[in-house]
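Input: a single structure, listed below in structure tokens.
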Amino acid sequence: MSSTRFTVLCVDDEDLQLEARKLLFEDEGFHFIGARKSAEALELFRSREIHAVVLDYWMSGKNGLVLAEEMKRERPDTPIIMLSGFVSLPGEGVGVVDTWLQKSRVRPDVLVEKVKSLITRNRAKTGE
């Protein structure tokens, strides 16, 4: 899958995390959009064609799960990956988050491959 046509939105309130993901995804040929706040992320999500979202669970204001729920209500087929300090929280994200990854343990190549596989799955499901 060539990534050059696909846009990934990453939401994290830590600049260092966003910058690292920007370098990672752009190096893989994705168009990267970063947001530090939930309101900014929702505005970007609503105004652009986003192929996948990577969210941090712990953010100031709204946590990532609340933001994911809002995004899924608007575009249920958009893949969402949740990054958290926890492996998962029992029951959290079921039916909303496509994949839950432990932030401190996920290797960059695994995150990129997960995004690619979810975009591929979504495109097959929607017939694109």
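The values are calculated or read from the model by the stated rules, or taken from the named source; none is laboratory data. Model, not experiment: these values are computed from the prediction. So basically every Cβ, Gly included, is an ideal-geometry build from the backbone, and we count neighbours across all protein chains shown. SASA here: full protein model, heavy atoms, side chains in, ligands and nucleic acids out. Shrake-Rupley method; radii C 1.70, N 1.55, O 1.52, S 1.80 Å.
Please enumerate the residues belonging to region 28-69 that are among the acidic types (Asp, Glu) and farther than 16 Å from Leu101 by Cβ. Result: Glu28, Glu40, Glu43, Glu49, Glu69. Exactly one residue out of Arg105, Arg121 is assigned to a loop (DSSP other than H, G, I, E, B) and of a type in the set (Lys, Arg): that is Arg105. Charged (D, E, K, R), at pLDDT below 85, open to solvent by 30 Å² or more (accessible area, probe 1.4 Å) and within 18 Å of Glu14 (Cα to Cα), is that true of Lys125? The answer is no for Lys125. The single condition among (1) over 26 Å from Glu128 (Cα atoms); (2) of a type outside the set (Asp, Glu); (3) open to solvent by less than 80 Å² (accessible area, probe 1.4 Å); (4) at pLDDT below 95 that Thr99 does not satisfy is (1). You will find that of Asp98, Asp56, Asp77, Asp27, the residue that is without any contact (Cβ under 8 Å) to a residue 12 or more places away in the chain and either on the phi < 0 side of the Ramachandran plot or not aromatic (Phe, Trp, Tyr) (or both) is Asp27 and no other.
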